[in-house]
Each structure stands twice: as C-alpha cells, then as structure tokens.
Amino acid sequence: MNGTEAESETCSRSNSDPLVFFVNGKKIVEQNADPEMTLLTYLRRKLGLTGTKLGCAEGGCGACTVMLSQYHKLTGQLQHYAINACLAPICSLHLVAVTTVEGIGSVARKLHPVQERIAKAHGSQCGFCTPGIVMSMYALLRNNVIPKMSDVEEAFQGNLCRCTGYRPILEAYKTFTVEGAGCCGGKGRQNGCCKNGGNGVEEDTNESTSLFNAGEFAPLDPTQEVIFPPELVSLSKSQSSGTLLFRGERSVWLQPHSLDQFLQMKWKHPEARVVVGNTEVGIEVKFKNMLYPVILAPSHVPELNSVTHSESGIVFGAACTLSHMGAVLQQAVDKHPPEHTQVFLAILEQLRWFAGQQIRNVACVGGNIMTASPISDLNPVFMAAGCQLTLMDKDGSRVVQMDDGFFPSYRKTVVRPQEVLVSILIPFSQKTQFVSAFKQSPRREDDISIVTACMSVTFSPGTNVVQDLRLSYGGMAATTILATKTANSLLGRRWEAELLQEACSSLAEEMTLDPSAPGGMVTYRRTLALSLFYKFYLNTLQKLHQQGVSVDEVPSDCLSATDMFHQPMPSSVQIYQGVPKGQDQDDVVGRPLMHLSAMKQATGEAVYCDDVPLYENELYLALVTSSKANARILSIDKSAAESCPGVVCCVFAEDIPGCNVTGVVEYDETVLAHTHVTCVGHIIGAVVADTQLHAQRAVKAIKIQYQELEPIVTIQEAITAQSFYQPIRTLQRGDLLKGFKQADHILEGEMHMGGQEHFYLETNVTLAVPRGEDGEMEIFASTQSATKTQSTVAKVLGVPANRVVVRVKRMGGGFGGEESRTTILSTVVAVAANKLKRPVRCMLDRDEDMLITGGRHPFYGKYKVGFLNSGKVVALDVSYYSNAGNSLDLSLSVMERALFHMENAYSIANVRGRGFLCRTNLPSNTAFRGFGGPQGMLVAENWINDVALSLGKYSEEVRRLNLYKEGESTPYNQILDHVNLDRCWDECLSRSGYQERRAAVTLYNRQNRWTKRGLAMVPTKFGISFTAAFLNQAGALVHIYTDGSVLLTHGGTEMGQGLHTKMVQVAARILGIPCSKIHISETSTNTVPNTSPTAASASSDLNGAAVQNACEILMERLQPYKTRNPKGSWEDWVHSAYFDRVNLSTTGFYKTPDLGYDFDKNCGRVFHYFSYGVACSEVEIDCLTGAHKNLSTTIVMDVGHSLNPAIDIGQVEGAFMQGLGLYTLEELHYSPRGVLLTRGPGSYKIPAFGDIPTEFTVSLLRNAPNDKAIFASKAVGEPPLFLASSNFFAIKDAVTAARAESDLRGPFRLDSPASAERIRNACSDRFTKMCPPAEPGSFKLWSVRV
C-alpha cells in the first residue's frame, strides 16, 4: 500500500494489511490486527500461550519478558533482544520472530539449561516472575554465550521478584558466566566443591554449604538453539517499500518505510502520535485513558535509525534505541581520547540506570526528548551539552539547539505539530571541558528520578577560570531547566572555595520549588540541587589537579564524594545442618529438595488462575470503584456504558441475590457500595463484557455523582477526631511507677512506620463458573483462604456453603495480601456469574489491585522508657496507633500481635502497651507477612537504640544486656523455654566478624566526611501460632491408589513458600516411599473443609501434623500386609490391602494443644513456641544524596531441624529482602484527600536485584530441635522479615556519624522507611541549612504520611 492509500480516511477495516510474524517458529498471519492490542494479550488470549505473565502492564516488573528476533536488510544480521510484551503493540511485530518461554523448552520435551538451572538452584518460589527472568537470561545468552556477571545483572534490571530475595537466581545464572562457569556454588570450601567430588558437608560440624550441584546441569549448546525462521529472512529481504496500515476498532496504525512517507503523514495528521517503543504512549493509553485515532510508527525509516560520525560528534537518528545509542557511545569512548568523550560518558552514566534492559531495547532517543518529561534522565545531559536537533516537515528542515527555550512549558517542546524530530547531534567535548551527570531516585535500578542533573564547565586553557558553565536540572521545575542565573554569575571566576559558596547560595535562591509541588520532597530536592553541584565541584577540582592545573587539592576525607557507584559482584554463603549419616535416600526430610513445581514454573507450564483456559461462553468483568474517599452516592448513570461495544450488563448492589453485608471478623463492609463510599477504590459495581478491553473501557463511561464528605486519612487526623475502632487493647505486667522510679534515666520518643504494598507478582484473580443446578458455583481463585472465600461467596449468593466449591492451584505470591481481601473481588465476580449464568473472569490490573486491596498497616508509636546507667531497661510504656482503614478486617489481630511483640527479644520487668485502631477513609489495611510484629518490634528497637545513644554506648552492647534468658516471662506471662537467642547472637557475632567490622567502620568514618558507614546487630523473637486459638487446626486427605500412587490434599495453599513440597516430604517419610509417588493437585473446599488461612507461618506445622496423622493411619492399616510380606514392595502391600477390602483413603486432623489467652486477665498461652534469629548488617550512606549501599548482612536463624534447607533459606532471604523494602525503600504516597498516588512499579519501588547485600550469609542454627512441631522443625515464613531492620539501624548508625560532623549528638528521630530523602535530611549540614522547609500549615501537601 502506498502512502496516499494509507492516508485515506475512508478505508474500511477490511483494507487492513495482513500482519505477518512468527511465534516460537510458527507463522502467524493476523488479518485484523488491532493497534490497541498488546503482544501479551495476543499471546495469552489468541494463542493460548500463558507462560508469559501479566505483572504490571507498564513494563516495570519483567514478568511479561519475551525475546524478539529480527533480520536487518542493511546489515544482513540477526538481532535478538528482550522486550516487555505488555507494552509491545501487536502491530509493531510485522516480520518479527517472537520467542516465549514455551518456545525454548518444556518438562515434557526437554528443559533449556536456562530453565533447568533456575529451577535446580532454587531460584523459583511462587514462579510467577520466573518465565520473565528466564527469557531475560535467554536473550542475553543468544547475544553473548559466555557473559560476565555484570552483563547478567544488567539484563535483570527490568525484572522483579518478590519471593526469592534474588540470590539463588544470580547463583544459578552465575554458572553461565566467565566468573562462575563450572562452579557448583560450594563456595570453594573443603569438601564443598563438585570439582573435588565433595558433598558440601563439613563432617566435624555437620555443616552443609551447598544447596545444588552444578555438575548435574545440562551444558549450554548454542548450536541447538531455535533457528530464526528461514521464511522470515526471505520475507524481510523482499519487503515492499510501501506503507503498512492496520486498522483497529478505534485507531489506525500507519507504518511508513521512507522519510518522505513519514513527513507526508505527519503533515496530514499533525495530531497523530509517533510511536517507536510504545514505552510512553502505551502507559498513556492504559492508565491515562488517552485515545489516539492515528498512530505513526516510523521505526523502519532508514534515516531515523542511522548513526553518523562527524568531526563535531555523533548524529543519532531519532528512532535509534537507547540500547543501540549506548553501544555506539561506548565504542566511541573506547576509541577516542578521554577529553573528547565527556558528554558520551555522562550519557552512558545515565543509561546505566535508565529503566530496564527491556525498555532500553525499544525506547528511542527521539521519544525521550519529545516526551518532554520534567524528570527525564537524558534531557539534562542533552541540554548541558548543547545538543543540536534536526527537525523536518514536508517543506524543509531546521536545526535547533536544546537550551532553556526548548521546553516552553510542562510536556511541551518548540517542535511544531507537523514537524518530526529526525536526529540529534551529540557533540565531542573539549580538552578543558568537564561534564558530570547525576541521578537520584528512590531505588538505584530502573527507577524514575527525584532529581536528575548534568553539569558542564569549560575553562580557559591551562587555568581554573570558568569560560562556560551549564547547570541543567530535571525534577526542579515543570520542565528540564538551566540554572542560567547561577551559571552566568560564575563566568570568569576561579574554581575554588569562594566560587562554591556563591554557587550554592545562588542555587538555593534560583532552584526554588513551590512547597506544594507535585512529587513532594521539596526540601530534599532543593538540597539535592546544591549537593549535586558540590559533587560536581569536587569532581572537577580533582580532574583539574590531574591535568596539572594549579588548584586546591580535594581533601582526602572528601574524595569518596566523587566516587561513581560501581556494583560489586555479590557473594553469598548458606549454611545448614546436613542429614544424619545413614538416613535413607528416599527420606528427603532435611534435604535441599527442589520446589516440586519449579521446573513447570521455569517453562511456563505451571497453571495459575488466569491461565485456566477460556470457557466457550466466558465473559470478563471490570470493577467500578469510587473516586472519593468519603461521600454519599447521589446517582449512577450506566447508560453510556451499556451501549459500549461488547458490554453484556452492569452489576450493582440491587443485583445481589443474597446478603450485601460482608466482612472478615466483623460484618462491617458491603460487597457493593450502595449509598455511601468510605475510601477511594471502594467497589460500587462492575461491567461485564466479552473482553477485558471492552469491560475496562465501559467502566470509564459510567458517571457517578457524589456528595463529598470530609475524609479522615492519616493517623494524626484520626487521633484528633478520636476515630478509633473498639476495643482499645492494653497489655500490662509489673509496676510501671515503681519501674520508672527505679530508673536512672527516662527517655521519651516517637516514630512513624509507613505501610507496605504486598506486590505479589500475580494480582488478585477470580474465575466463577455456575454449575447450572441447585445454585452451585465453582470458584477458581488466587487466595490464601479458600474457606473464607467459600463462605463469603455463599453468603452473597444466598446459598449454603455446600453449593460453592473454591479451588486454588497455586498463587503467584501472597504474603498475607490474599488472606482476606481477595473476597472483595471473588464475591463480585460470583454475583455477575450468577446473574448471567455464564462463566465470568476478572484479573485485576496492578493499579487496581494496589488501589483497592490495602496493605501493611502504617503505625505510629510513642514510648517512654526507663533504664539504668548500665543500659538495662526497667520500665516501658508504649502506645501504638495503626491506620486500619475503612473496615476492621484483621486489624485487631494485627494490633494484638504488635503488642505481643512490643518488647521484641528483651526482658523488661515493668511494661505497658496500648493499641489504638484508627478508623480512616483508606482502603482497609490487612494481613502482611509478620502481621503487626514488624511494626511492634521496630518501635522496640528504636527505643533501645535511643537508650544506647543517650548513654554513649554501642547499641549492640545494650541489646545483648537486655536479651531474654531461659525461663524468663513475657509481658503476657508466657514462660520461655528452649531460648536460642544467645546461640544465635554469638554465632552471628562470630560469622559476621562484628568486632573487626566495628573497628573498620569507625576508621572509615574518621577518614570520610561525605560517606559514612553504619553497623547494627538486631535480634528477633517471633511467636508461632494464630493468636485466634480456633484457627490453629488443619485437615488432610490422603488417597492411595491401587498402582501405589498417592494423592495428597491438605488445607494449606501454595503461594511459593514450598508448602506442598514440604507436605510431600512429610508424607514420603511416613509412608516410606519416594516423593515421585506422591502428588498434590490443588487445594479445594470439597476435599478438606473448614480450613484456616495459609498464614501465621504455621502452615507447615499444622498441615504437616495433619498429613502425618493421615499417613500414620494408613500405615497402620498396611502394617499387617508388610508383616506378612516383609520383602514385598509398596505396590505389593497396597494390592494386598485393596483385595482384602481395606480402606486406602483417610483424613487426618491436628489442633495445636494448650492454646488460649485472655487479654482482660493477661493469662493463658498465646504461642505454641518461638522462632529466634539475629542479623548483623553493614551499610554505607552518601551523606550528600541520602543513597545507601547494603554492604553486608549475616543472618543466623533458628528454624529447628529444617524440613527443607533450600526452601527455608529461600524463605529467610526472601523475607529479609521484603523487610529491606519495608524499612529502607518502599513508600506509599496518598494525597490529602485519600487518593493513592503510587499505583505500580513505576512509582512504588520494591527491592531489585541490585539491592541485595554485597556479602550475604545465611546460617540455619544447628542442633536446635523443636519438640513442638513436625519432625522437630520450626516456622520460617514470617520471623526473618524483621531482621532487615538491622539495615535500618545500620543506616541510623551511619547517620549518627554524619550528624556528629555537625556536632549533633544523642537520640534523633528517623522514621521508616529510611528513604534517601529521610537519610539526607537527617544528615544535617551546611547544605540542608541553606534549604529550610516551609512552615507547616502554610501550604497544601502533595502527599501526606498516613
């Protein structure tokens, strides 16, 4: 089709060109390609390839990673690269080969080495992120057969995992690298290396250090990879030069193949959006409700992809991808002298942290400029370097310079509507020019900038006199700006201390921000503008000195401020107790058995809820939610929605056949809001349509009128309004007055701890299937609580629970977030399915899930602590306030656990704790790993840290002094036995080399002014049991079939924690058969009824004991046949029993004994036992930016006799990394009106691969059997999470050292999370004093601390 034909507005859909591409070697010809359909939707819904997952729909998590391969006519070469399928428009794939996780290997066929290694090295837990990680690694290996470890880390910058803690993934793939090829992971210890034939066990201590044997891995053979389709080479070579046209339901996609065609189209359609990588437009369409009727896709225009080297620099076509630009610039840096490549190096520094590899592979340099983002990473460099842009329209071209006039206003450029950006000239630098680029963001990898900057100074030759100066900032205004006033005032000045002082004073005046500016953090951002210039000043001073120019030498204690960040290669050690000598090989209890679903997860064959094949007449549901935090509903107009394409019906409260009242403990919620909404995200109704896209579009057409009421959003607002749920809990022991009188010192303090989003990789999903008779309904759900889902669905449908079957195969993570809040979706989907008598499905988008489901409770703690001169704490009075949200949910139990952990691991004679549940207009907060414990214990560690600071002692000394000892009593009067705190502490002290580290930290801090290191050791004591006694029960169902195979079902759900694997291990030991004979299919309410939620870390204990009970019953039935035929096989005994009419099926049951506590009397037994642990962490902070590095962590964890060391160590590491996010990184921002502002991985940052400690040691305490749980094991899911607070207090230790430089000593407040903003602001210095915060109450906050 030629350009003129393509432009015709009258073309019907039938005139669309056929879209030709290949998927896993199979040719696809799509006659009706829709520009608004993504590759991910096409793979999952059209082709049924469900291995590629939807995690966020914004290219921020990597779960949807696939590999694209293309033949380039000009070079004759193949190109392989990873992309995000959730952002890639299907129309962009013409003549492209797509490879998904299914295309490289399968369990049935053969696993690819990339799949095998991540599985066998225990790098897959819930498995939802695994296919994306596999494909990122696969794409890397297709381009580089033996990469370096740094290449692997770069490849994973766009992938997230919420379960594993990343370490086992890196160890698995280290075996492919230059550094690790052929290594078993035995850490080079004697007997620990597969090359020496060792088993990883040190015989003297029974210590094992190897979790997998790389000798079992299949080698990587590049010659066996999937070939690029030969037909695609032919098609690419013979591709016509005409324009392609794809017409969809609402938009048309025009793909020109020449610059002339492109210019004609832009002249004809000046309002059309230009798309290359779709990394920006895809977000706008998905999340900002934008519609672009005409899309121009010029990615195949040769001039836009060209790279030209000239005397003045390098010219990049505007469609050059960032990856390609980076590769070309790196080649130039290697080729040219350093003085010519200053600008190139600045761009490369920014590209290091620009999004993830998948984004850089498709995002183009022109798109980055034209998007005109005020926080662009690259535009400040282009502006500071004075890059030249070539613009064209059909009548000609012009060249403009990127200066302070290029961005006239927010998201606007001087480019005219009919013009296109053709190229950018990136200039060589001069010999006397120095350029530095900076980026500060909440997380180092794949994050959006808070402030970004580039600074360029040129000196008169041979002097330090400023000839030219450009200071460009992003994040300091509505556009990228130049600090022209400051720069001009410094021209002709010498680069010395006086210039620095004047520059900072001028920048403080020039770089002002409205206190209400979007993004908040105004004081921090203003301080950064100064701090980054100071870094540039020192950097330049150093370079001038190196060139022989006479300047002041950079003081030695300031040198570290000039260091660029370099990611050191992480190293790790895992230590656990080996199995006893002589243990049968078929008895896998205590062995590091691979997660039983790991291989299926690595190949994409593991079935999650949304992977269930579509039913023939299935419909899709989208939720209608409130946009107000507190309002009366005046009217709902659904007429426009009902007339939208594909819509079948709308569902509102009047459609509920049963009861609209629901809840978890109290029935204080509605399934669908009818007259009143109490939070933003409150579910009002739903739209049911033939596709997800149609349903979601129709939701936006529903008009709701509200009468808005004043919301209560924050804890402080709730305290002022006395808005609390009842009861207010009090826990007291001893005599407080006596204790405070006894104390030598009394200290008071407070702290706030922010909430946390669960960020399970699989969002909430439900598929409801009506069964056609007696009101029966089958629910497939991603839930930790099958029974609660069953009961709430039955209630809303008005049927008995026996009519509802809930089935859970597995979840892509849970962490407590899918314990109670999943029912808010399942009930609505069930109502719709019941109304229509058709299957209905809904999987929430990430932004919806984050908006409506709640998270970890934010806490505010106030304390008064009395202590002796020795540091011994003798009295504690603490009050906790939690932000419960708009319903009670599990908030009372969360607060009770916080109170049960208010002393953490410390023995205090006189103590009182009170807990207040704040009723606010936020979505109800809920269970989250640790369940109140991490909040209660953080406040405890804060006051013990304050005690140490006030006494001038190291906090570890005070902590050790106050640790519980055997036989002491808790505030709830439970006597402690088998207390392993001392053992954990001593081993951690030894393994971490604490004393040597402390000396080294002290020396480092003495020698460095602008970077400081901190060290902290923190213990934990975590009670194991549901605090609601009735939940401490479990059931199991075991069938033995006549072929000897065993089907096992229990009440727990699998969410990646390896519960099913452990249950199979338990059954295998008792039945005396290999694991391969035992299978767990799913968790369902029609096999094991009345189950407790899979929560409280107790699932292995409870369900393991129930499985044990059932298996022992069966073994008792089989015993007569074993006795008669002692040499017979398992199958022989089963056959004999069957023909003797013995029942080979039974249930098992277990309830935890002797539990029950009375708050009013403070008596009874709260917990069955306690898990103990200690962590020692070292960090380094940048006092100028607030950034920090996690240098080292050593964890010693008491898990009894581990059922499975690989799974347990994975749980320790995963919990630790989740805690690291909680205490140092993850931050939810709400507007003052209760609107969640952080609704996806773009704005809410969980830890990434680069956040793991550089040195990471996990040791499971040996010879510590626990007689209260299955096979002497202990719970492990939640207890380790709090140990990440060791990083928080190590940061606080480093900040203490920084404050001492300004002569600030003693206790100070540092709220959690210890974000870069909080760290920087706490490091009070001359720069922070130049940027004082605005007076509270004098402005409207962008976000509030809830």
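Structural remarks
- Applying the condition of being of a type in the set (Asp, Glu) and crowded, with 24+ Cβ neighbours inside 10 Å to region 1275-1315 and asking which residue is farthest from residue 1008 (Cα to Cα) yields 1278.
To keep it simple, each residue is scored yes or no on (1) without any contact (Cβ under 8 Å) to a residue 60 or more places away in the chain; (2) under 30 Å from residue 156 (Cβ atoms); (3) open to solvent by 10 Å² or more (accessible area, probe 1.4 Å).
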{"residue": "424", "(1), (2), (3)": "no, yes, no"}
{"residue": "433", "(1), (2), (3)": "no, no, yes"}
{"residue": "439", "(1), (2), (3)": "no, yes, yes"}
{"residue": "446", "(1), (2), (3)": "no, yes, yes"}
{"residue": "451", "(1), (2), (3)": "no, yes, no"}
{"residue": "456", "(1), (2), (3)": "no, no, no"}
{"residue": "463", "(1), (2), (3)": "no, no, yes"}
{"residue": "472", "(1), (2), (3)": "no, no, no"}
{"residue": "478", "(1), (2), (3)": "no, no, yes"}
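- Residues (open to solvent by less than 10 Å² (accessible area, probe 1.4 Å), among the hydrophobic types (A, V, I, L, M, F, W, C) and in a loop (DSSP other than H, G, I, E, B)) located in region 364-384: 372, 378
- Taken over region 1097-1151, residues that are part of a loop (DSSP other than H, G, I, E, B), under 17 Å from residue 1203 (Cβ atoms) and either open to solvent by 90 Å² or more (accessible area, probe 1.4 Å) or in contact with a helix residue (DSSP H, G or I) (Cβ under 8 Å, 6 or more places away or on another chain) (or both) amount to 1.
- Pairs with Cβ under 6 Å, 6+ apart, first in region 687-713 and polar (S, T, N, Q), second open to solvent by 40 Å² or more (accessible area, probe 1.4 Å): 705/634; 705/635; 707/632; 707/634
- Residue within region 318-325 that is open to solvent by less than 10 Å² (accessible area, probe 1.4 Å), free of Cβ contacts under 8 Å to residues at least 60 places away in the same chain, in a loop (DSSP other than H, G, I, E, B) and under 27 Å from residue 154 (Cα atoms) present: yes
- Any hit, region 205-218, residues being part of a loop (DSSP other than H, G, I, E, B), at pLDDT below 85 and open to solvent by 10 Å² or more (accessible area, probe 1.4 Å): yes
A quick yes/no check of all residues on (1) closer than 21 Å to residue 32 by Cβ; (2) outside any loop (DSSP other than H, G, I, E, B):
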site: 231; (1), (2): no, yes
site: 235; (1), (2): yes, yes
site: 264; (1), (2): no, yes
site: 276; (1), (2): no, no
site: 282; (1), (2): yes, yes
site: 290; (1), (2): no, no
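- Summed over region 292-317, the residues that are open to solvent by 20 Å² or more (accessible area, probe 1.4 Å), within 19 Å of residue 378 (Cα to Cα) and part of a helix (DSSP H, G or I) give a count of 1.
- Top-ranked residue of region 659-675 - restricted to ones that are assigned to a loop (DSSP other than H, G, I, E, B) and touching a Lys or Arg at 6+ places or on another chain (Cβ under 8 Å), ranked as most open to solvent (accessible area, probe 1.4 Å): 675
- A residue that is over 36 Å from the mean Cα position of the chain (by Cα) and among the β-branched types (Val, Ile, Thr) occurs somewhere in region 427-436.
- Number of residues in region 233-286 that are basic (Lys, Arg), within 39 Å of the chain's Cα centre (by Cα) and open to solvent by less than 50 Å² (accessible area, probe 1.4 Å): the value is 1.
- Tally, over region 1262-1274, of residues that are buried (at least 24 other Cβ atoms within 10 Å of the Cβ) and of a type outside the set (Gly, Ala, Ser): 2
- Filter result for residue 1180 (open to solvent by 10 Å² or more (accessible area, probe 1.4 Å), acidic (Asp, Glu), in contact with a Lys or Arg (Cβ under 9 Å, 6 or more places away or on another chain) and under 30 Å from residue 1297 (Cα atoms)): yes
- Residue in region 922-931 that is under 30 Å from residue 860 (Cβ atoms) and of a type in the set (Phe, Trp, Tyr) present: yes
- Selection of region 496-525 for residues being open to solvent by 30 Å² or more (accessible area, probe 1.4 Å) and closer than 27 Å to residue 459 by Cα yields 496, 497, 498, 501, 502, 505, 509, 510.
- The set of residues from region 879-921 being open to solvent by less than 10 Å² (accessible area, probe 1.4 Å), out of contact with any Lys or Arg (no Cβ under 7 Å at 6 or more places or on another chain), assigned to a strand (DSSP E or B) and more than 30 Å from residue 676 (Cβ to Cβ) comprises 906, 913.
- Out of 1295, 1276, 1346, sole residue that is more than 30 Å from residue 1026 (Cβ to Cβ), hydrophobic (A, V, I, L, M, F, W, C) and touching a residue at least 12 places away in the same chain (Cβ under 8 Å): 1295
- Qualifying position, being in contact with a Leu (Cβ under 9 Å, 6 or more places away or on another chain) and among the hydrophobic types (A, V, I, L, M, F, W, C), among 649, 644: 649
- Residue 492 open to solvent by less than 10 Å² (accessible area, probe 1.4 Å) and either farther than 26 Å from residue 1328 by Cβ or not polar (S, T, N, Q) (or both): no
- A Cβ distance below 6 Å, combined with a sequence gap of six or more or placement on separate chains, defines the contacts here; from region 641-669, residues that are without any contact (Cβ under 8 Å) to a residue 12 or more places away in the chain and of a type outside the set (A, V, I, L, M) reach residues that are open to solvent by 30 Å² or more (accessible area, probe 1.4 Å) and part of a strand (DSSP E or B) in the pairs 667/661.
- Tally of residues being in a helix (DSSP H, G or I) and open to solvent by 30 Å² or more (accessible area, probe 1.4 Å) across region 1042-1069: 1
The values are calculated or read from the model by the stated rules, or taken from the named source; none is laboratory data. Keep in mind it's a predicted model, so treat the numbers as computed, not measured. All Cβ positions, glycine included, derive from the backbone under ideal geometry; neighbour counts span all protein chains shown. In case anyone asks, the SASA skips ligands and DNA or RNA and just uses the protein heavy atoms, side chains included. Shrake-Rupley method; radii C 1.70, N 1.55, O 1.52, S 1.80 Å.
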